[in-house]
Amino acid sequence: MSAPETPMEIALAEAQAAAARGEVPVGAVITDASGKVIAKAGNRVEAENNPARHAEMLVLAAASAALGERYLSEHTLTVTLEPCAMCAGAIAAYRVKKLVFAAYDAKSGAVDHGPRVFAHGTTHHKPEIIGGVGEQAASEMLRAFFEGRRG
C-alpha cells in the first residue's frame, strides 16, 4: 500500500489509526494554500477520556500552535466526517478558509444537518464548504467500526 497523498487520504489514514486505538474513526488534516500538511490528527476521546478531543479540535489547535497564529484564514481543514456543532464553532473561531469533509452525519453533523452552524447570520465566519469528498471510504470505515462494536 502506498503512502497517502491527498489531504483526504491522509485524513482517512488518521481515521484508520484512530479506529485501531478503539476510537471512532475520524481523522483530520490542516493544509496550507500550497497543500503542505501543517497538522494531522485522529480522534482521542477515549484515550484522553475527554469528549472534546475530536480530530478537528486537535488538528486546529496543533496547526495554530505550529504556525504561531491564532487564525487559519489561508488554510483548509479536511476531515472524514461532517463536523459536529462543537467542531463547526471551532472552525468558525479559527477562521478556516475551506472545510472539506467526507461522510455526511445526519445524527450529529452541524454543517449540512442539525443546527447548520454556518447558515446562521450570527456566525462570524463561514468557510468555503465541500462535502462528500471520499464519502464512500469514510462511511464504510464508520459502518465497519460500529458493526464491530455491536458484535
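The values are calculated or read from the model by the stated rules, or taken from the named source; none is laboratory data. Since the structure is predicted, the reported quantities are computational estimates derived from the model, not experimental observations. Glycine gets a Cβ as well: all are built from the backbone with ideal geometry, and neighbour counts include every protein chain shown. When the accessible area is computed, the model is the full protein with side chains, heavy atoms only, and any ligands, DNA or RNA have been set aside. Shrake-Rupley method; radii C 1.70, N 1.55, O 1.52, S 1.80 Å.
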Which of the residues belonging to segment 10-32 are open to solvent by 60 Å² or more (accessible area, probe 1.4 Å) and in contact (Cβ under 8 Å) with a residue 60 or more places away in the chain? Q16
Would you call A39 more than 12 Å from the chain's Cα centre (by Cα) and either at negative phi or in a strand (DSSP E or B) (or both)? no
Has segment 53-60 got any residue that is under 11 Å from the mean Cα position of the chain (by Cα) and acidic (D, E)? yes
Looking only at segment 86-98, and only at residues there that are touching a helix residue (DSSP H, G or I) at 6+ places or on another chain (Cβ under 6 Å) and not aromatic (F, W, Y), the one that is surrounded by the fewest Cβ atoms within 10 Å (Cβ to Cβ): A90
Per the list (1) outside any loop (DSSP other than H, G, I, E, B); (2) open to solvent by less than 60 Å² (accessible area, probe 1.4 Å); (3) closer than 16 Å to P25 by Cα; (4) not charged (D, E, K, R), residue check on Q136 breaks on (2)
Criterion (open to solvent by less than 70 Å² (accessible area, probe 1.4 Å), hydrophobic (A, V, I, L, M, F, W, C) and out of contact with any helix residue (DSSP H, G or I) (no Cβ under 8 Å at 6 or more places or on another chain)) met by exactly one of F101, F145: F101
Among the candidates H75, H113, H120, H125, residue that is open to solvent by 60 Å² or more (accessible area, probe 1.4 Å), more than 25 Å from R21 (Cβ to Cβ) and not small (G, A, S): H120
